[in-house]
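One structure is given below, encoded as structure tokens.
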Amino acid sequence: MDIRTFPEPERELYNKIKTKYKLTFDRLKVGDNTLRLLKIADIEELLEGKDPFANVSEFPFWVKLWEAAMVLSYVMHRLPDPKGKSVLELGAGLGAPGLAAAAAGFDVTISDYEAMIMDFQKVSAAASGLHNITFAHLDWLNPPDLAPFDYLIGAEILFREEFFAPLLNVFKKYLKPEGFIYLAHDATRRSLPIFLNLAKNDFDITIAKQVIKKQDQTITIIVNRLSRKKM
């Protein structure tokens, strides 16, 4: 990856991030498109031995390309008729599903809660040659006014139960009446059924499963599609 080919704003962002972290690019092939995702090269150095599930409020989940994010990227690639339709990725982290949606032709907004995370996302968009993306700081506890979207998407965003009610409010605020929400999570996430039990009061929910073979592991990813209940 030749950083010199980046537009100047993203090149400056890359150089700023590089002063703090060793960096690399992950490649994710989605259909005919190859996404290039900027990430920290040595995650262990950042984690300093932290267990990702010992305290989910402290673990930086955005640093890893999760299997659920890859599966959701493939889901977005396969959705029909992207032209003129809008997508909001919530809690995007490395932003793979949002980038995949943009590569497929959707108008995409990638959102997160921290400026530094969004700097990574902006560099990844430039590295992937994508221009139909905007970026939004989005605090689920105080969501800004945005135009509603055809699709809301999120991968591995259900870790803290105190954010479930605010997230449902975000869904109601930003989803078009006929829109859909796609969520992808590892099947072992104990928080997923708790959240879906809350969501079923306002949304119809379908479920699909995708099994991934990774080295000696079998990982099952749950993909849920939510739509507003009809009045």
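Every number in this text was worked out from the coordinates using simple rules, so none of it is lab data. Please read these numbers as outputs of a predicted model, since none were measured by experiment. Counting neighbours? That spans all protein chains shown, and the Cβs are built from the backbone with ideal geometry, glycine included.
What is the set of long-range amide H partners of Thr109 at a cut-off below 5 Å, with H atoms built 1.01 Å from backbone N?
Those qualifying (amide H under 5 Å, at least 5 residues apart or on another chain) are Val87, Leu88, Glu89, Thr134.
Neighbour counts of other C-beta atoms within 10 Å: give me Arg190, Arg225 arranged from fewest to most.
So the ranking, lowest neighbour count to highest, is Arg190, Arg225.
Which ordering of Lys18, Lys39, Lys230 is given by a fewest-first count of other beta-carbon atoms within 10 Å?
Placing the least packed residue first, the sequence is Lys230, Lys18, Lys39.
List, in order, the whole-Hz ³J(HN,Hα) value for each residue of segment 12-26 obtained from phi through the Karplus relation with A = 6.51, B = -1.76, C = 1.60 and θ = phi - 60°; use x for Gly and Pro.
For segment 12-26, the Karplus curve yields 5, 4, 4, 5, 5, 5, 5, 6, 9, 9, 6, 10, 8, 10, 7 Hz.
What number, rounded to the nearest 500 deg cm²/dmol, is the helix-based mean residue ellipticity at 222 nm of the chain, given -39500 (n - 2.57) per DSSP H run of at least four residues and division by all its residues?
Only helices count here, giving -9000 deg cm²/dmol.
Can you pick out the pairs among Lys16/Lys176; Lys122/Lys172; Lys39/Lys214; Lys29/Lys85 whose Cα atoms lie more than 31 Å from each other?
Lys16/Lys176
Return the whole-Å distance between the Cα centroid of segment 66-80 and the Cα centroid of segment 86-130.
So the two Cα centres are separated by 13 Å.
What order, most packed first, do the peptides 139-151, 68-80 have when packing is the mean number of other Cβ atoms within 10 Å of each residue?
68-80, 139-151
What does the charge count around Leu138 come to, taking other residues whose C-beta lies under 13 Å from its C-beta (Lys +1, Arg +1, Asp -1, Glu -1)?
-4
Using the count of nearby Cβ atoms within 10 Å as a rough guide to exposure, how do Ser128, Ser227, Ser86 rank from fewest to most?
Ser227, Ser86, Ser128
Size of the dipole of the chain about the Cα centre, Lys and Arg at +1 and Asp and Glu at -1 on the beta carbon, nothing else charged, in debye to 20?
My answer is approximately 620 debye.
Please grab the % of Cα pairs in the chain that end up more than 33 Å from each other.
Roughly 13 percent, rounded to a whole number.
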